[in-house]
1. Exactly which GluC sites (Glu not before Pro) in region 605-637 are in a DSSP loop and have at most 16 other Cβ atoms within 10 Å?
2. Taking a cut-off of 19 Å, what percent of all Cα-Cα pairs in region 558-683 are separated by more than that?
3. If you filter region 673-706 for trypsin sites (Lys or Arg not before Pro), then keep DSSP loop positions with at most 14 other Cβ within 10 Å, what is left?
4. With 10 angstrom as the radius, rank 764, 521, 794 by how many other C-beta atoms surround their C-beta, starting from the fewest.
5. Please report Rg over Rh for region 237-460, where both radii come from the alpha carbon positions and Rh follows the Kirkwood definition.
6. I need the calculated FRET efficiency for the pair residue 395 and residue 234, taking r as the beta carbon distance and R₀ as 22 Å, to the nearest 0.05.
7. Can I get the semi-axes of the chain's equivalent ellipsoid? Compute them from the C-alpha gyration tensor as square roots of 5 times the eigenvalues, in angstrom, largest first.
8. Looking at region 537-618, which trypsin sites (Lys or Arg not before Pro) are DSSP coil and have at most 13 other C-beta atoms within 10 Å of their C-beta?
Amino acid sequence: MTGVLVTNTTSEDEMSETKRGFYPKHRKSSVPSSPDFPTQETETLAYWKADDTFQASIDQRDAGKNGSNEFVFYDGPPFANGLPHYGHLLTGYVKDIVGRYETMRGYRVERRFGWDTHGLPAELEAERILGIEDKSQIEGEGAMGIKAFNQACRDSVLKYTKEWEEQVTRQARWVDFDNDYKTLDPTFMESVIWAFKTLYDKGLIYEGYKVLPYCWNDGTPLSNHELKMDDDIYQNRTDQTVTVGLRLETGELALIWTTTPWTLPSNLAVAVGPDIDYVRVTPKTGDLAGETVILAEALVSAYTKELGDDPEVSAPFPGSELVGVGYAPIFSYFEAAKAAGVADGTADEAGHVGPGSNAWTIIAADFVSTTDGTGLVHLAPAFGEDDMNVCAVNKIGIVVPVDDEGRLTEDVTDYAGKNVFEANRYIIADLRDVTGPIAARPAEVRARLVRAASYEHSYPHCWRCREPLIYKAVSSWFVKVTAFRDRMVELNQQITWTPAHTKDGIFGNWLAGARDWSISRNRYWGSPIPVWKSDNPAYPRVDVYGSFAELERDFGVKVDNLHRPYIDELVRPNPDDPTGKSMMRRVPEVLDCWFESGSMPYAQVHYPFENQDWFEHHYPGHFIVEYIGQTRGWFYTLHVLATALFDRPAFLNCVSHGIVLGDDGRKMSKSLRNYPDVSEVFDKYGADAMRWFLMSSPVVSGGNLIVTDKGIHDTVRQVLLPVWNAYYFFTLYAGTCSKGAGYDAKLVDVFDAAVVSGLPVMDRYLLSAARELFRDLRGELDAFHIPEACEKVRSFLDLLNNWYIRISRQRFWDEDPQAFDVLYTVLEALMRAIAPMLPLVSEEIWRGLTGERSVHLADYPDWDAAGHDSDLVAAMNEVRGIVSAAHGLRKAEKLRVRLPLAWLRVVSPLHEALADFAGLIAEEVNVKNVEVIGVEGSGLRSHQELALNPKGFAPEVRKLTSKLFAAQKSGAWQLDGDAVVFPGVCVDG
């Protein structure tokens, strides 16, 4: 090879204007020094489409016997009636990285896309389009009807599929849209009702009457886990609270406090803590002068204003002494029902019971506290879970004067037709002014308003329509989760979670306290509850169906649509009615859409009606990922159904990432415009920049991330450009070799020890460092530690560009073939290593280096058997650290690098290994003499410092922030591997 000296008369940009030599091997034009990444990416995407590269990456991997070589991950189905946002983008990138990586590791990875098409999200969108405000416009007199409404739902749910496909494709995420599944597919729905019937046959589904979170705007109950999915479900809300004195049969006033005045007409009991100390207080002044009021001793000071100056206060007595004392109801609406002896406190399916004979008495309850209120708790059993439970034990009934739309009924005549929240002010006004139904009460039994005040508190809102919820007694179908809750906890131990604390933290704790799951919704668009009942209670019968075949057998017609109203039209005579008059009719509810998404692993393949063998060998899935809120959503419902149906976990590995926030630290909002538009980011910086920005951040490990334009720009500067610069440098100088003929580099046989040992020290260092990188990347990606993998790549790029290439530049100018071959070898393998994380730029570079079809059809680099000099890597890394520290000292002392210094003394535990590199250190730091000595005898000592970053804390850790900072300040911490141990808590990472 003829040496060519490159002089300063030709700039690098001038040299790259026309293609010289062999590179890039897939283009006729030269490699630009300043790439246009977005344009380059669109060209790569077009190439993939024309080449069908994605399908080729799947097809070239054999599935193996019984799918032994398949990697199965579940793609959680999004709703397609809205455009994708940053949360979808983040989740999609994790899925794509894992899918690409496992493919390059040799596995066959099918990536079937799915769509969530049922439930409230779809119905609310249809209502918005149709201008529907309540259910009466759907199924009332003269309404549009369920058939037309459900058709509108069907039309809306896949409205944005084209936009989804475009953005998913633009982000360079490979998924199979052609073989997608939809929860509205008849085959999917058949598997769903199979699951219902299987659970019913196991005794794990029942119909019950319970107090549940209830959305009056949507007219349906919700499950408890839906209230815990997102932080913003609970929002600060200001309500009116009242303290009311109830007239006891002794003539005294028992003070109760409530944040829901609208429930006062439904009051049936008062609870006290049997061991709490209460007092009788007789005010001498004010509105209560002459009255005797009862409240908890600990809360007397909270009512100083109302009780006046120097009231008489009795000796304290336990709440148990109040148990059994009767009082006059605040309102008279249900007195007649009690007098008539209506019911005994046991609710029927419709909740029509009446107050029961024990109503309006004081009872004991262990949930009473003195943290707020009065120490006496107002109980309206139809509107509180604890209320209902304790009243049932005491044979106190239930009244439900609130309809499905959240309006008070005619049972409460004075407030009938008013929304519960609207009714508050009318009830408070009547109590305050002694008007309306309060004035109608005899003075000797009349309740008294003691206080009305505003109260700001955190209150649950519907996760879809965002209206405030109420708690209401309703009939619902339940999965009996409490029957197998302990088994769910056990199976959770078989799952590897990222972050690790999720297992026994937010998910494990949720499982330990799991309640029975309300799975029915009083709605229209969804898989049906497959239950038929006799319409005559005199001839009771219940039939549950789990397949088309069973329905066709009993109803004698072809069934091909499980949606309402078609499924509701299946009616037949009751076989248990000898008169032949009663009919079997389907219950009107549909299934919670979370039941459907939780059925996804088997329903997507129509199990058990098809693909039984496939499913048995591919379940549980290897991997799933969604945001942390899905520990109470999809992760949870998958786990519930997997445990109940198969006694297995649904998945073996799970990443629960954090939340992406706007540039102001708040939740992303279109109205606030507090985040860069995704399409604009792609057009400006490219999809790889967005991918790396998200994937390298703590958000993947459960923290939160603020998206800023600067952060994405920094990714280009710190990662994409260094990758490109190394490639550009290689192609530039390889193209000018041999007077412009170029040099076609060859792969170094890194597995041949003799070859590697004969290389210059800097080459051996680079190859050994690359070997360590590839090993570490496999370890991190095998464990789904994506941010850690990104950091190792970023660190290696610094080594490659700012150390190896910079120091070796003269060798390239001198056309040293070993330098070209080593750099080529590392770049080729590096592109394979980073291909899952930077699929677009790695494709461009790898094809430019090799001329082959696609980096994503290549194997992931494994150099474990290659020659490796760990001592050299350690020593050279120490040299780099020394040089960096020395430059830092120069900068601090304002000593320019060009100014030679007399000496540099280095203290290092690797002082013996560094002796050979004293000259390199001297040259890099520009000193005349370098002295390297050991730590012993140097008079120096080391110490550790701990820095805390609360923004990266997981939710469970965030509430301990003040405690951790106190321990940090006092030094009450120690390292245990990668974890930091504080008093009483261990924080990993």
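1. Working: sites: 610, 616, 626; in loops: 610.
Passing sites in region 605-637 are 610.
2. Values: 5394 of 7875 pairs.
The calculated P(r) of region 558-683 puts 68 percent of pairs beyond 19 Å.
3. Sparse-neighbourhood loop trypsin sites (Lys or Arg not before Pro): 673.
4. By the 10 Å Cβ count, ascending: 794, 764, 521.
5. Expressed as Rg/Rh, it is 0.94.
6. So the FRET efficiency works out to roughly 0.05.
7. The equivalent ellipsoid of the chain has semi-axes of 66, 38, 23 Å.
8. On the way: sites: 541, 553, 558, 581, 585, 586; in loops: 541, 558, 581.
Answer by residue number: 558, 581.
Coordinate-derived values only; no laboratory data. In this text, all values refer to a predicted model and were calculated from it rather than measured experimentally. Ideal geometry is used to build each Cβ from the backbone, glycine not excepted, and the neighbour counts take in all protein chains shown.
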